[in-house]
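Here is the structure we will look at.
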Amino acid sequence: PTAIRAFMKWGDHHPARHDLSRLRLLGTVGEPINPEVWIWYHKIIGGERCPIVDTWWQTETGGILITPLPGCMTTKPGSASLPFFGVEPAILRPDGSECGVNEGGSLVIKKPWPGIMRTVYGQHQKFKETYFTQFPGNYVTGDGARIDEDGSYWLMGRIDDVLNVSGHRIGTAEVESALVSHPAVAEAAVVGYPHDIKGQGIQAYVVLKANVNVGALLAAPLHNTQKSRHFPFLTLLSRDYVRQKSS
């Protein structure tokens with residue numbers, strides 16, 4: 001998704017200069033993809049004909065565990081779709097009970113699968129504590145997710161990326177997605193900051209698209225585009241930010 005957002009920032013005219021008619025399949029992996037980015041990818045790069053394989057997996061899982069099957073199912077912008085054959089995920093509340101429809105919680109895997117890692121070399125006790133202690137009998141992924149009314153899985157980012165603002169649990173990924181929905185925004189990264197009254201506030205680092213009028217943008221605050229507009233919100237605008245290799 002980071003690379004896709006970079007293309008969005010540069011503008012539609014760059015991919016338009018190339019013949020993309022031989023593309024048959026598109027992929028995205030590594031982090032949750034914003035629905036707005038998914039739609040741009042599907043339309044501009046895929047010509048509204050190439051399926052997008054948006055998968056969820058981890059190094060620790062040894063392979064893909066949640067994925068669409070191109071040509072066999074309808075995909076939804078931003079959803080990793082359904083568990084692969086034999087994989088049984090669940091979304092749990094902190095007390096271990098299963099979450100309801102569209103209720104965010106901890107993504108766990110309830111049963112073993114062929115690629116599951118067996119240990120961490122020289123750190124077996126740490127391995128057990130990290131992945132199997134919080135919800136005994138389950139593999140704890142450390143990721144947040146929700147399941148919609150159709151059974152599709154939506155990844156919300158790492159559990160430790162969930163902000164607690166005035167008692168409201170807000171996933172950074174959902175705020176970033178809302179910001180990217182603004183026509184002037186190419187990329188957004190959200191973190192929390194200490195707030196004397198609310199506990200945490202929302203701080204957004206926003207990369208603007210080329211040729212954006214910053215003055216006009218400041219007249220219509222970005223935070224009005226997302227549902228957390230009543231919470232403490234700081235926005236830092238830039239043409240770009242320094243990234244590490246993993247973005």
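The values are calculated or read from the model by the stated rules, or taken from the named source; none is laboratory data. Note that the structure is predicted; figures quoted are calculated from it, not measured. Cβ: placed from backbone, ideal geometry, glycine included. Neighbour counts: every protein chain shown.
Couple of notes before you dig in:
- Criterion: crowded, with 18+ Cβ neighbours inside 10 Å, modelled with pLDDT of 95 or more, among the aliphatic types (A, V, I, L, M) and part of a helix (DSSP H, G or I) - qualifying residue of Ile66, Ile44: Ile44
- Of the criteria (1) within 20 Å of the chain's Cα centre (by Cα); (2) closer than 25 Å to Lys9 by Cβ; (3) modelled with pLDDT of 70 or more; (4) surrounded by 12 or more Cβ atoms within 10 Å (Cβ to Cβ), which one His168 fails: (2)
- Qualifying positions in the stretch 151-200 - among the acidic types (Asp, Glu) and either closer than 23 Å to Ala6 by Cα or touching a residue at least 60 places away in the same chain (Cβ under 8 Å) (or both): Asp161, Glu174, Glu176, Glu187
- From the options Asp19, Asp95, Asp54, residue that is under 29 Å from His182 (Cα atoms), exposed (fewer than 12 other Cβ atoms within 10 Å of the Cβ), charged (D, E, K, R) and modelled with pLDDT of 95 or more: Asp19
- Residue tally, condition over 24 Å from Val108 (Cα atoms), of a type outside the set (Gly, Ala, Ser) and not in a helix (DSSP H, G or I), over the stretch 147-190: 6
- Any chance Gly78 is small (Gly, Ala, Ser), over 19 Å from Val185 (Cβ atoms) and not in a helix (DSSP H, G or I): no
- Flag for Pro94 being over 19 Å from the mean Cα position of the chain (by Cα) and on the phi < 0 side of the Ramachandran plot: yes
- Screening Glu103 on (1) more than 21 Å from the chain's Cα centre (by Cα); (2) in a loop (DSSP other than H, G, I, E, B) shows it passes everything except condition (1).
Table: residues versus (1) under 15 Å from Ile64 (Cα atoms); (2) surrounded by fewer than 20 Cβ atoms within 10 Å (Cβ to Cβ); (3) among the aromatic types (Phe, Trp, Tyr).
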| position | (1), (2), (3) |
| --- | --- |
| Cys99 | no, yes, no |
| Ser106 | no, no, no |
| Phe132 | no, yes, yes |
| Gly144 | no, no, no |
| Glu149 | no, yes, no |
